[in-house]
Structure formats: C-alpha cells, structure tokens
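Trainee: Below you will find the structure I want to go over with you.
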Amino acid sequence: MITALAGGVGAARLLRGLVRAVPGTEVTAVVNTGDDTVLHGLVICPDLDTVTYTLAGMNDDERGWGQAGETWAVMEALERLGGETWFRLGDLDLATHLYRTQRLADGASLSEVTAEITAAVGVDARLLPMSDDPVRTRVTLVGGQEIAFQEYFVRRQHAVAVESIRFEGAAQCTAAPGVLDALERSDVVVICPSNPVVSIGPLLAVPGIADALRHRRSRVVAVSPIVAGAALRGPADRLMTELGEEASAVGVARMYAEVAATLVIDESDKALADDVEGTGVRCVVAPTVMRSVDDAVRLSATVLDAASGLSISDAHS
C-alpha cells in the first residue's frame, strides 16, 4: 500500500503516474485542505478537486486547474451583474461545488463527500482530506496585513512579499478517518512535489501526521518541487526564501529531514547531492519534471525503488 501527501498540480501529476505503476486501489492520497474557501456560498476544495480531476482524466492539463472543455457562462453572467469573479469557477466545476456544499449541509463529512465524488467520476485511488475539520492557511504580508490564502494566491497572484504563514484551526483539528491508519500501514509514504510551505505544511500541522511520518521515516520518500533553484509552478521558491529557507533541493531536504529518509532531486541539481545528504537525508538523483504521463510513471518507479530499495513488485505484493 502506498500513501501520498498531496497538494496541487505537482502532486496530481505524480499520482497520475503512481496509479499506473501500481493498481489505483493500492494508493491513498491525503490531500491538503488548507487552501479551501467559501465563495458565493459554495465550499471549494481546490487541491482535492485538482487531484480528483487529474486522476479521472478530466483535468485541463494546459491551464493546470479545473476541467477540460470548461465553459464560463455563469462567470460571464455574474460579471455583468457586478459580482466578484476574481476566483474563476467554470460551469462544469460549479457542479462539483454545488454537490459538495449540499451534501455538507445535509450533514455528511468532507471525507464522505470526497468518496462520493471520486466514485462518481471513476477514481480508483482513495482520496482523503487531511481533516474533516476546517483548517485555513492564513498569510501575513510584509507590513503586517493578514489575508486568506486564496486572496494571496489568486486575487493577488502571489506577487506580494510574505512575512509569515499560519494554519488556522490546525492545532484543534483531528486527522480525517483513515489518514493515520494509512500512514502507519503503508509500505511506502510519498511526499509529493508540492509546495512544502503551503501544500505540505498544512498536512504536517494536523496533529498526528508528522508523528506518524517520523515513526515510518525510513519508508518516507519526498520529491523536491524545486528544480535548479526554482519552482516549476507557483510561489514555492519565493515563499521559502521569504520565510528564511534556501530555495533549493537542499532547503527542501532541511524542511523534510525529520520526517523523510530520502529525497528525490532533479538531475539538474545533481551537484547538490552531497549537500542534501549532509542534512541527514539520502539523496536520489533522477529526472523529476513530468511533462507527460510516461514521465510521471518513470518518476513513480524511482520513488518506489528509493524507499529502502523497495521495488514496484515488492510494493505491489
């Protein structure tokens, strides 16, 4: 069994490879919900939806979020009315949010609703929100103003300097049903190439998750989202620098050293391998940029092999 900590596009692409390297039924993804928000009265879970759409083959690969073949009639009508449209919700995507919001209002948990949505679109892997309790990433800008994550990431296009990050509600929440059990029972735990600050950070802030990883550290393999000193998407490199960490594979290794025994870094960073190992993390050098499904499958094989020499066939058995 394989459990992955996931958030955003990088995680979705790696998971797309993992469910081809081993049966999807053997893969559990614990997904960040710190990015979740409520807009127009609808509960929106961007990372859960990105992973769901990608594994279902419904995603817009070029845009990186939302569904392929999306239309925008509702947003256009809302704009004519003078409503807020800075957070774009496509017509197809709205159906997901409408369903989720109604089911939550009916009393279902986020875990239950996520299972219903993934089953409806044919996803074999098990997707679990990190918690059924609300946890919200809050961003303090240089100068002291605190804003919601989507205000920072979407409305301001993550183009403003950050002073600190906190995860509101994390200390009081509990891990969603099945999360800690999956981490404890897995043959391999994968930390996907997601933003270590705002995608993986919220997961590690949920009580019990970091402890479970420390307990299984020898079987935890992380993939660096920083390649040649930069993030492939989003603000991970800038956030690391702004928060006092080196924006490099070495910086990622330092952030994960307590919970992961192995870090896979891109071949463009092979000169950093000794410095990565100097943090106490074993380093594996391989192509990590996923331009295609085949790239994702190859990286998945590397990740599984990196878990203390565990091969795909061993993991599958």
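The values are calculated or read from the model by the stated rules, or taken from the named source; none is laboratory data. Keep in mind the model is a prediction, meaning the values are calculated, not measured. Quick reminder, even Gly has a Cβ in these numbers, built from the backbone with ideal geometry, and neighbours come from all protein chains shown. Accessible surface areas use protein heavy atoms only, side chains included; no ligands, DNA or RNA. Shrake-Rupley method; radii C 1.70, N 1.55, O 1.52, S 1.80 Å.
Trainee: How big is the gap, in Å, between the Cα center of region 44-96 and the Cα center of region 146-185?
Mentor: 21 Å
Trainee: If you take the beta carbon distance between L98 and A68 as r and set R0 to 25 Å, what does 1/(1 + (r/R0)^6) give as a FRET efficiency, to the nearest 0.05? It would help to have the intermediate numbers written out before the result.
Mentor: Numbers: r = 19 Å, r/R0 = 0.77.
It comes to 0.80.
Trainee: Something else about it: Using Cα pairs closer than 8 Å and at least 6 residues apart in sequence, work out the relative contact order for the chain, in percent. Before the final figure, lay out each step's value.
Mentor: Details: 628 pairs, mean separation 63.6, N = 317.
Contact order relative to length: 20 percent.
Trainee: Between D106 and E163, what is the label-point separation in nm under the 7 Å Cα-to-beta-carbon projection?
Mentor: Result for the modelled spin labels: 4.5 nm.
Trainee: Where the accessible area of region 1-146 is counted over protein heavy atoms with a 1.4 Å probe, how much of it, in %, is carbon and sulfur?
Mentor: Values: 3010 of 5760 Å².
Carbon and sulfur: 52 percent of the exposed surface of region 1-146.
Trainee: Right, something else. Hey, any idea what Rg/Rh is for region 153-194, computing Rh the Kirkwood way over Cα pairs?
Mentor: Details: Rg = 15.8 Å, Rh = 14.1 Å.
My calculation of the ratio gives 1.13.
Trainee: For n ≥ 4 DSSP H runs only, could you compute -39500 (n - 2.57) per run for the chain, divide by its residues and tell me the 222 nm figure to the nearest 500?
Mentor: -10500 deg cm²/dmol
Trainee: Angle check, please: helix 46-55 long axis (alpha carbons) against the longest principal axis of the chain (alpha carbons), in degrees 0 to 90, nearest 10.
Mentor: 70 degrees
Trainee: Among the trypsin sites (Lys or Arg not before Pro) in region 55-147, which ones are in a DSSP loop with at most 16 other Cβ atoms within 10 Å of the Cβ? Mind listing them?
Mentor: Working: sites: R63, R80, R88, R100, R103, R126, R136, R138; in loops: R63, R88.
Answer by residue number: R63, R88.
Trainee: Under the definition of Cα pairs under 8 Å and six or more residues apart, what whole-number percent is the relative contact order of region 136-262? Could you put the intermediate results ahead of the total?
Mentor: Working: 189 pairs, mean separation 28.8, N = 127.
Relative contact order, region 136-262: 23 percent.
Trainee: Tell me the Kirkwood radius of the chain: reciprocal of the mean inverse pair distance over distinct alpha-carbon atoms, in Å.
Mentor: Working: mean 1/r = 0.0509 Å⁻¹.
About 19.6 Å, per the Kirkwood formula over Cα pairs.
Trainee: Treating the angle as unsigned and between 0 and 90°, give the value, to the nearest 10°, between the Cα long axis of helix 110-120 and the longest Cα principal axis of the chain.
Mentor: The answer is roughly 90 degrees.
Trainee: What's the percent breakdown of Cα-Cα distances in region 135-175 across 10 Å bins, shortest bin first?
Mentor: Result, from short to long distances: 31, 49, 17, 2 percent.
Trainee: Quick one: of the DSSP bridges fully inside the chain, what percent are antiparallel, nearest 5?
Mentor: On the way: 16 of 40 bridges.
In the chain, approximately 40 percent of DSSP beta bridges are antiparallel ones.
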